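First comes the structure, then the notes that go with it.
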């Protein structure tokens, strides 16, 4: 029996991107106390969706100004561009799967010339005079609080017959898709919780690690 082909699904902030790009933008452009909102989220008083919506509601900068800031200051983790090109050559799906906002994901991929090579599953946002307008195309009733549901995207690729290679960093937003993956790369708090729970995971240094495993998959 042939082994199913892999699909590579990657978290964005602190994973595909070296930085937390959302927090970088809030630091530069938010006119409110977004850190208090972040602490409320971490303490469980706000959902991720509520934290993100409230924090970006205090941003008045044009969307293109923020996108240009991302292109000037944010970085993809080493090896990600090479991984994207390898996946395109092998016809292997590669996707960003994030609870973050689409415009800043697109901006960083554009900086590296990778936007046509990578599918993006993100919260859609449009900044207007009356504030941000959000669309959640990958939401699910059973995980409303996250905005988009990463496991819904995992299931989409699984239903198409792919094995899932997942890369993430967060014990909160990435643990569910990580637990449903066939091959897992983890770092930061996700790696810690996987080790405690006995979930097999490769430690992520950079994306050359992922590329080596993918070449053998």
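Just one of the numbered conditions (1) surrounded by 18 or more Cβ atoms within 10 Å (Cβ to Cβ); (2) touching a residue at least 60 places away in the same chain (Cβ under 8 Å); (3) farther than 21 Å from residue 126 by Cα is not true of residue 49: (3).
Let's see how each residue does on (1) over 16 Å from residue 96 (Cα atoms); (2) in a helix (DSSP H, G or I):
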site	(1), (2)
132	yes, no
151	no, yes
156	no, yes
167	no, no
170	no, no
195	yes, yes
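The lone criterion from (1) over 24 Å from residue 157 (Cα atoms); (2) touching a residue at least 40 places away in the same chain (Cβ under 8 Å); (3) in contact with a helix residue (DSSP H, G or I) (Cβ under 7 Å, 6 or more places away or on another chain); (4) crowded, with 20+ Cβ neighbours inside 10 Å left unmet by residue 67 is number (4). Total residues in segment 172-193 satisfying the condition of being part of a strand (DSSP E or B) and within 25 Å of residue 52 (Cα to Cα): the figure is 1. Once segment 160-172 is narrowed to residues that are modelled with pLDDT of 95 or more and within 15 Å of residue 185 (Cβ to Cβ), the residue that is surrounded by the fewest Cβ atoms within 10 Å (Cβ to Cβ) is 163. Give me the residue from segment 201-217 that is free of Cβ contacts under 8 Å to residues at least 40 places away in the same chain and within 18 Å of residue 7 (Cα to Cα) and, out of that set, surrounded by the fewest Cβ atoms within 10 Å (Cβ to Cβ). Per the criteria, the residue is 216.
Counting only residues that are at pLDDT 95 or above and in a helix (DSSP H, G or I), segment 197-210 holds 4 of them. Filtering segment 178-189 to residues that are buried (at least 19 other Cβ atoms within 10 Å of the Cβ), at pLDDT 95 or above and within 19 Å of residue 152 (Cβ to Cβ) leaves 181, 184.
The set of residues in segment 146-159 that are closer than 21 Å to residue 57 by Cα and surrounded by fewer than 13 Cβ atoms within 10 Å (Cβ to Cβ) is empty.
Where helices (runs of 4 or more DSSP H) fall wholly inside segment 1-93, the ranges with 1 or more residues that are closer than 22 Å to residue 208 by Cα, in contact with a strand residue (DSSP E or B) (Cβ under 8 Å, 6 or more places away or on another chain) and at pLDDT 95 or above are 21-29, 80-89. There is no residue in segment 79-86 that is crowded, with 16+ Cβ neighbours inside 10 Å, free of Cβ contacts under 8 Å to residues at least 60 places away in the same chain, more than 23 Å from residue 177 (Cα to Cα) and in contact with a helix residue (DSSP H, G or I) (Cβ under 6 Å, 6 or more places away or on another chain).
The values are calculated or read from the model by the stated rules, or taken from the named source; none is laboratory data. Here the structure is a predicted model, which is why all the values come from computation and not from measurement. Note that each Cβ is placed from the backbone with ideal geometry, even for glycine, and that neighbours are counted across all protein chains shown.
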